[in-house]
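Visitor: Have a look at this one before I ask anything.
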Amino acid sequence: AVITIFLASIVVGAVIGVSGSSLGKLIFGIMVLDKNNNKIGLSNGIKRDLKVYVRGFAFGIPLVSIVTLIVAFNNLKKNNSTSWDSDDDYQVWHRPSGPGQYVLNTLGIILFFIASALISLI
């Protein structure tokens, strides 16, 4: 699991760096941009996601990651930004709420449960 999360961080970081979103972020209407509203680039996207891997997921260590995720969530609520985004002045853009976004949110949640069920079958 630790290696899988690490490799996924590199791939997802590259995708976010180049496009501004991952599949999940796209569905939920989220983009990560620099302070000038540009995409952050390949290397910065990977660096950002590796910070998420360390600070958010605690290297994928199960019980430790629960603590780091709670700390990250509390920092997000308090500062309106995560530490890995505020380090480099990244802006996290959210699509405005509305009927279309609510449909996409529901679709995203359904897809999450389908993916989880399929993974558990493997």
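The values are calculated or read from the model by the stated rules, or taken from the named source; none is laboratory data. What you are looking at is a predicted structure, and each value in this text was computed from that prediction instead of being measured. Cβ placement follows ideal geometry from the backbone for every residue including glycine, while neighbour counts extend to all protein chains displayed. In case anyone asks, the SASA skips ligands and DNA or RNA and just uses the protein heavy atoms, side chains included. Shrake-Rupley method; radii C 1.70, N 1.55, O 1.52, S 1.80 Å.
Visitor: With an 8 Å Cα cut-off and a minimum separation of 6 or more residues, compute the relative contact order for the chain in percent.
Guide: Across the chain, relative contact order equals 28 percent.
Visitor: Just how many pairs of Lys in the chain have C-alpha atoms closer than 22 Å, counting pairs that are eight or more places apart or on different chains?
Guide: 14
Visitor: Now for a separate question. Between Rg and the Kirkwood Rh of the range 23-122, both from Cα atoms, what is the Rg to Rh ratio?
Guide: 1.00
Visitor: Could you tell me the center-to-center distance, by alpha carbons, between the range 1-60 and the range 89-122 in angstrom?
Guide: The range 1-60 and the range 89-122 have Cα centres separated by 16 Å.
Visitor: Grab the Cα-Cα distance for SER43 and TYR102, subtract it from 0.36 nm times how many residues apart they are, and report the gain in nm with one decimal. The partial results should precede the final answer.
Guide: Details: separation 59, 0.36 × 59 = 21.24 nm, distance 3.26 nm.
Result for the pair: 18.0 nm of gain on full extension.
Visitor: How much of the accessible area of the chain, in percent, comes from carbon and sulfur atoms when a 1.4 Å probe is used?
Guide: Numbers: 5750 of 8030 Å².
Ligands and nucleic acids excluded, carbon and sulfur give 72 percent.
Visitor: So, R0 is 30 Å and r is the distance between the beta-carbons of ASN80 and LEU111; what FRET efficiency does that work out to, to 0.05?
Guide: Calculated value: 0.65.
Visitor: Also, quick follow-up: Between VAL18 and LEU50, what is the FRET efficiency for a Förster distance of 22 Å, r being their Cβ-Cβ separation, to the nearest 0.05?
Guide: Once rounded, the FRET efficiency stands at 0.90.
Visitor: Can I ask one more? Which of the helices in the chain meet the span-like rule: DSSP H, Cα axial reach of 18 Å or more, Kyte-Doolittle mean at least 0.0?
Guide: Helices passing the filter in the chain: 2-19, 62-79, 99-121.
Visitor: Kindly report, to the nearest 10 Å², the accessible surface of LYS77 as traced by a 1.4 Å probe over protein heavy atoms only.
Guide: It works out to around 130 Å².
Visitor: For ASP88 paired with ILE3, estimate the spin-label separation in nm (one decimal), with each label point 7 Å from Cα along the Cα-to-Cβ line.
Guide: The answer from the label model is 2.7 nm.
Visitor: Now for a separate question. Under the rule of at least 5 residues apart or a separate chain, name every residue whose amide H is placed under 5 Å from the amide H of ILE30.
Guide: It is ARG95, by chain and number.
Visitor: What value, in deg cm²/dmol to 500, does the helix sum -39500 (n - 2.57) over DSSP H runs of n ≥ 4 give at 222 nm once divided by the residues of the chain?
Guide: Here the helix-only value at 222 nm equals -20500 deg cm²/dmol.
Visitor: Shifting gears a bit: Would you please give the FRET efficiency between LEU118 and LYS35, computed as 1/(1 + (r/R0)^6) with r the Cβ-Cβ distance and R0 = 41 Å, to the nearest 0.05? List each step's numbers first, then the result.
Guide: Values: r = 39 Å, r/R0 = 0.94.
So the FRET efficiency works out to roughly 0.60.
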